[in-house]
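Chemist: Below you'll find the structure I mean.
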Amino acid sequence: MKLPLLTALLVLLSACSPGGGDAVKPTITEQQATERVEGYLKAVLAALPGTAELKPFTRNRSECTDPTDDGPHGRFEISSTYEVAGLEPARFAEYFDAVVQWWSAHDFTVLTDSRPKDQYVFVRSNVDAFDMSVQANDLGKFYVGATSPCVWPNGTPEPEALEAAEPEHPVAAPPEPAPARRPRRAPVDDEDFTQTNWTDGGTSY
């Protein structure tokens, strides 16, 4: 096999193997993820009445310690949740419909819809894999949230992740010497059978 063809084959195998090139591909930066999360939350406000007002509730930066895409560690999810003030609790069902309709018009797919038992809907963007949710409770609270997919802080894989993605070259272990066989124990009389230790398979070593 010629060298160029062999090199191309090795590159192809590396890209298709777990932890290959796809696992450490660049992403948007953490700052860009934060801006997009906030942008989605402000945009969905257009589906609600003009009296609606976003009030910061939680903001999180969580490491992807168990990423669902089988990618490496060192990446983070950016999430934000807002309480939406200025809404009438009696019209929450109407507001839910309006938000879900906005999502459908902007290429989001509904993954969880717990209505009517619970006031909760969870969706994911078909464009960039950002998640969004809307939730309300019996206390008259209405919330919207958004979460980014796993991203590298600076948009490119960290050196540790690149090293982890390098395929390891197995080193052949030296052959182990064959164990020296010792003579099997003498046959045991029937009356001595229960007195014999058979934990070693009945062979004297």
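Where a number appears in this text, it was derived from the coordinates with a stated rule and is not lab data. Note that the structure is predicted; figures quoted are calculated from it, not measured. Here the Cβ positions follow ideal geometry from the backbone for every residue, glycine too, while neighbour counts run over all protein chains shown.
Chemist: Identify, please: which residue in the range 128-162 is touching a strand residue (DSSP E or B) at 6+ places or on another chain (Cβ under 9 Å) and not in a strand (DSSP E or B) and is, among those, surrounded by the fewest Cβ atoms within 10 Å (Cβ to Cβ)?
Modeler: That would be Asn137.
Conditions tested, residue by residue: (1) crowded, with 19+ Cβ neighbours inside 10 Å; (2) outside any loop (DSSP other than H, G, I, E, B); (3) not charged (D, E, K, R).
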{"residue": "Gln32", "(1), (2), (3)": "no, yes, yes"}
{"residue": "Val37", "(1), (2), (3)": "yes, yes, yes"}
{"residue": "Ala46", "(1), (2), (3)": "no, yes, yes"}
{"residue": "Thr58", "(1), (2), (3)": "no, yes, yes"}
{"residue": "Ser80", "(1), (2), (3)": "yes, yes, yes"}
{"residue": "Tyr95", "(1), (2), (3)": "yes, yes, yes"}
{"residue": "Lys117", "(1), (2), (3)": "no, no, no"}
{"residue": "Phe122", "(1), (2), (3)": "no, yes, yes"}
